[in-house]
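Single-structure report; data block below.
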Amino acid sequence: MTVKRKKKSTFMGGRGVAVAFSLCLLAVITMIGMYTVGRTDQKQQELKRQIAEAEKSKSTEEEILKPKKEEPKETQEAASASATREKEKKEKEKVIINSPELESDFRQEEVAEVLPEEELEEASVADVVMEQPTLSFSPEEDKLFWPISGNILMDYSMDKSVYFTTLDQYKYNPAIIIEGSVDESVMSGAQGLVKTIETIEETGTTLTLDIGDGYELIYGQLKELPVEEGDYVKAGDTIGYVSQPTKYYSKEGTNVYFEVRKDGKSVDPMVLLQ
């Protein structure tokens, strides 16, 4: 009885030691595992942080090195055009500021500020008078230029009728018919104002020139007039060119119709021509 109890006690003691050792070993392994896991998590977190910092640094570097986005072509062209216009505007302003015309305008403005209104009106009237020459003609002192150099085909005749070859009839002639050639220039007989330009069946394109003191010069059979109604011409200026004769003068040939009137009545041009 005594021997059997002893063996049982020994067995129980050895089993307890073994269990205790196993528990200690398990605890050690658990601690090692937890330490290892903790270190791994720490390393992973550190690695993630380093990766995040590296990506952030890379993004910053790329942002710095990244070329600026080009503006649309239309925007560039618009900016260039605007700069060009601004430059031209400055150049024009510079030229205008230094121009004699502007200085003249400034002087006129200064005069306008000084002169009274009445004097300004008188100055304006004087300018108009200067632009419109005084028309005056005196048979005793002045002579007329010939319209063209040519033979007289038909004389002035208001006291008796003369024969018109083309018309085959006799009638009065208030002008002289001067022989000419097509395209020959026709001269103004004196300084005057172009009163009318009209087309008449008998004399074609006809110009009436007011030379003052009731005298008027009438030129017919003209073409390609370089003047207009209201123009002032000087003695000797070209007022037109010789045209083909109208049907009323076809047999007489190419010519210029030249008539002089005093207060609306025809007078002999030969008396006034030089």
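The table that follows gives values for the structure above.
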read-out	value
Residues (under 48 Å from the mean Cα position of the chain (by Cα) and of a type outside the set (S, T, N, Q)) located in the stretch 247-260	Val256, Tyr257, Phe258, Glu259, Val260
Asp155, sole failed condition from (1) open to solvent by less than 60 Å² (accessible area, probe 1.4 Å); (2) of a type outside the set (Ser, Thr, Tyr); (3) at pLDDT 95 or above	(1)
Qualifying residue in the stretch 25-41 (condition: on the phi < 0 side of the Ramachandran plot, more than 60 Å from the chain's Cα centre (by Cα), aromatic (Phe, Trp, Tyr) and at pLDDT 70 or above)	no
Considering residues of the stretch 232-246 that are in a strand (DSSP E or B) and in contact with a Ser or Thr (Cβ under 8 Å, 6 or more places away or on another chain) only, the residue surrounded by the fewest Cβ atoms within 10 Å (Cβ to Cβ)	Thr238
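The values are calculated or read from the model by the stated rules, or taken from the named source; none is laboratory data. Keep in mind it's a predicted model, so treat the numbers as computed, not measured. Backbone-built Cβ (ideal geometry, glycine too); neighbour counts: all protein chains shown. Side chains are part of the model used for accessible areas, which takes the heavy atoms of the whole protein and leaves out ligands, DNA and RNA. Shrake-Rupley method; radii C 1.70, N 1.55, O 1.52, S 1.80 Å.
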